[in-house]
Amino acid sequence: MVHFIGFSLVKRSLKRNMAERTLIVDHLKLRYEGLFNTAELYNMIGAYFFENGYNWSEPYNQEKATSEGRQIEMVLEPNKSVSDFYKFVVRIKINGTDIRAVEVEHEDKAVQLDHGVLHLTFDGYLVADRKGKWKDKPWKYFLGLALSKYFYKNKDDKFSKLLEQNIAEIHQLIKNYLNMVNYTYSPHHDGPEL
């Protein structure tokens, strides 16, 4: 009897988490090689999602020290409930390679920055039935499918465009930040220049 109750609870919790995910933004990429501040970049991404009402999730964060420099692998998954039925999930994969700390002179002051290669990949998902209420009975599943396909199509389109806009904003914000750093660094030169 105990096994049956345990199985029933597991089965119910699995059903609850089975929401329909639609991929809206697929592998939008950004590559950058040069100077940046890792902590500042991370804080800027977090601040953007916090200011826009997202919940923060970071399922993977690993850093390795190698002879070429630090290697960073990170997956960020901020999410936001936009209605009782829909939720946005943004997945940002950050891979940093050959990241070395360098000292750069800017406005006659020494500034500590990082130099390396960044690869960022953005994915955006529109999650329907975020609580799983329309999946537990076949008739509810059919009704929910019919409602979302025929009656709420405009909401799907509206939320899809809003999610695309949010991802385009954070993508542009990161591009602006990385291109805003106007320092010059040459690893073969005795000292950094402006």
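The values are calculated or read from the model by the stated rules, or taken from the named source; none is laboratory data. If you're wondering where the values come from, they're calculated on a predicted model, not measured in any experiment. Cβ sites come from the backbone with ideal geometry, for glycine too, and all protein chains shown count toward neighbours. Note: areas computed on protein heavy atoms with side chains; ligands, DNA, RNA excluded. Shrake-Rupley method; radii C 1.70, N 1.55, O 1.52, S 1.80 Å.
Are any residues in the range 45-71 part of a strand (DSSP E or B) and of a type outside the set (D, E, K, R), and if so, which ones?
We begin by selecting, within the range 45-71, every residue part of a strand (DSSP E or B); these are 55, 60-65, 70-71.
Across the range 45-71, the qualifying residues are ASN55, TYR60, ASN61, GLN62, ALA65, GLN71.
For the subset of the range 21-42 comprising residues that are surrounded by 14 or more Cβ atoms within 10 Å (Cβ to Cβ) and in a helix (DSSP H, G or I), which member is farthest from the chain's Cα centre (by Cα)?
Looking at residues that are surrounded by 14 or more Cβ atoms within 10 Å (Cβ to Cβ) and in a helix (DSSP H, G or I), I get THR38.
Of everything in the range 47-83, what is hydroxyl-bearing (Ser, Thr, Tyr) and closer than 21 Å to ASP156 by Cβ? Give them in sequence order.
Within the range 47-83, TYR54, SER81, SER83 qualify.
Quick check, is GLN172 of a type outside the set (Val, Ile, Thr), modelled with pLDDT of 85 or more, over 19 Å from GLY69 (Cα atoms) and open to solvent by 70 Å² or more (accessible area, probe 1.4 Å)? Give the derivation first.
Working: of a type outside the set (Val, Ile, Thr): yes; modelled with pLDDT of 85 or more: yes; over 19 Å from GLY69 (Cα atoms): yes; open to solvent by 70 Å² or more (accessible area, probe 1.4 Å): yes.
Yes.
When both residues are 6+ apart or on different chains and their Cβ atoms are under 9 Å apart, which pairs have a first residue that lies in the range 27-48 and is under 14 Å from GLU77 (Cα atoms), and a second that is acidic (Asp, Glu) and assigned to a helix (DSSP H, G or I)?
TYR48/GLU169
I need the full set of residues from the range 43-94 which are open to solvent by 20 Å² or more (accessible area, probe 1.4 Å), among the hydrophobic types (A, V, I, L, M, F, W, C) and farther than 19 Å from TYR32 by Cα, in order please.
ALA47, PHE50, TRP56, ALA65, VAL82, PHE85, listed by residue number.
Take the range 72-87 and flag every residue that is assigned to a strand (DSSP E or B) and at pLDDT 90 or above.
Across the range 72-87, the qualifying residues are ILE72, GLU73, MET74, VAL75, LEU76, ASN79, LYS80.
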